[in-house]
Amino acid sequence: MNVSNIVNRLSDLVRKNLGLTSSSPTSQKECEFAENLYETIKSVKSATTYRYSEETTLDVDNDPFDYSSSSDEEEGHHDNNSESEEEVDGEESKSEKDKRHLANYSLDFMQEVVDYADEKDKNGKRRRSWKTVRHRYKSVPNQSYVSRFRTYLQQHGTKRQKTNDIDEIVFKKFLQALEQALLLHDVDLQRWVLKAVKEVHLEAFHPSHGWVNNFKVRHHVVSRRITNVVTCHEIENPDEILKTENDYRENFFKSSSHYRPSQIFNTDQVGVERQLYSNRTLTMEGGKKVFGTVRSKNAMTHSYTLQPTISLEDKLFGPMYLCLQEPKGRMGELVKTGLFEPRNMVITCSSSGKLASSLVRYWRDNCLLPFVGNKCFLLSDSWSSQGDEDLYTKEGCGGKKVQRLEISPKTTSDWQPLDCYTNR
C-alpha cells in the first residue's frame, strides 16, 4: 500500500469537492489535526490485519417519514391526544411490551401496515392520520412502530426472522441431501449456513457449534452408523427399481400358480460375524484414547455363512447349511475332533467363509434335493455363486424339476421372505 498515493488522492478530493484552498496561515489546532491524521494513516500502513465494524440501532426519531411531518391538521390532532397516548403507553405491563416485540410481527404484516399508513392522495399528502392507522391495526402500540417497520423492511427483516429463514433454508437442504443418501456432517450444515446468510442479508451471523447442536435438537437430527451402502445410480433411478419389483411380482404370481405352498421355497445366505462389538462406549470425558476389549481381533473381521431355507407354509425346510472359515479351505483334524455337528445342520468350510459355486452345489445335493418331491419352486437372490443355471437342470438335479426365480437386485429387503421376516 503506497501512502503517498493515498495522501495525494485525498488532497485532490478535498480541493475538487470541497473547494478549499490554502489562503490563510496554518493555526495550531489545524497542525494538531494534521498530526492526528498522520498518526492514523501511519497506524493503517503498519497494520497487518483490518477489522470492519458496523453498528445498527433502532433509533428512528429522525425518520423523514415519521408522522410528525404530516399535514398541519394531523399535527394538531396528534398534539391533542399525545398526552393521553403517553399515559396509555406508560401503563403497559411488561408482558404486553414483550408481546409487542418487533420480532413477533411478520414481514407481511409490517408491509401491510406501512403501505396503509403511507398511502397518499392525489396531492401527494398522506391520506390517513395515526388515529386511523391505530384503529385498524390495534396490535401496533404507537406510531414509532410504523417507522420501525419501515426500517426493518428496508433491512429485509428482523434478526430473529432472518435466523428463522436460515434455519428453514438449511433444513430444506438437509432433507434434499437425505433423499440422495449423501454423507452429512456438522461441517456441511455450517457450509449451508454461510451460503444462507448471504441470501437473507445477515452476513454477521456465524454458525457456531452451539447453533449446530440446537439445530439438530430442533429437527431431531442425530449421528448414526450407516447400515446400508448404496450407489448414486440406485438413488437416481428409483423408477427403474420400482419397475424391476413389479416385473418380479408378476413373474412370481404367474409361475407359483403351478405349485403348492409346500413346494415353494426361499433360501438366503447370511454372513454372521464371529464376534459382535460396539463402535461406541461410555467413558470419562477428556481422555485421548478409548479402549474396548474383544476376545480376538481376527474374530472382528472374519465371519461364516449360514443358509436357511423356508417354505411358503412358513416352516423351516431341511437342514441348516453352515460354511465355516478355515485358512486352507479345509478342516484340520483338530477342528474335526472338537466340532459339534447337530442332526439338523450340514457343515462345510471355505478359505473365505463364503459359498462358491461348488459349495452351492453341495447345498443343493445335501440340503434341498433329498427333502423335496418331484418338483419345487425356488426363490433366491442374485448372488453370483447361486445364479448358475446348470445347478438347476433336470439332469443335474437327479430328474427332479427345480424352477428358480431370481429376486431382483436392490429389492430383497421388500420381496425376499427371509430378509423381511427372519434375518432381522
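Enter the Cα centre distance for the pair the range 318-397 and the range 163-181, rounded to the nearest angstrom. Cα centroid to Cα centroid, the span is 49 Å. Rounded to the nearest 20, the size of the Cβ-charge dipole of the range 159-218 about its Cα centre is 140 debye, with Lys and Arg at +1 and Asp and Glu at -1.
Are there GluC sites (Glu not before Pro) in the range 157-217 that DSSP puts in a loop and that have at most 14 other Cβ atoms within 10 Å, and which ones? Mind showing how you got there, number by number?
On the way: sites: GLU168, GLU179, GLU199, GLU203; in loops: GLU203.
For GluC sites (Glu not before Pro) across the range 157-217 that sit outside H, G, I, E and B with at most 14 neighbouring Cβ atoms in 10 Å, the list reads GLU203.
Tally Lys/Arg at +1 and Asp/Glu at -1 over every other residue whose Cβ is under 13 Å from the Cβ of LYS336; what's the total? Its environment carries a net charge of -2.
Computed across the range 321-424, the Kirkwood hydrodynamic radius from all distinct Cα-Cα pairs reaches 15.4 Å. If Lys and Arg each add +1 and Asp and Glu each add -1, what is the summed charge of the other residues whose beta carbon sits under 10 Å from the beta carbon of GLN269? Around GLN269, the surrounding residues sum to -1. The trypsin sites (Lys or Arg not before Pro) of the range 128-207 that DSSP puts in a loop, and whose beta carbon has at most 16 other beta carbons within 10 Å, are LYS138.
A short reminder: the numbers here are calculations on the coordinates, not readings from a lab. Not measured: the values here are computed from a predicted model. Note that we place each Cβ from the backbone using ideal geometry, even for glycine, and neighbour counts take in every protein chain shown.
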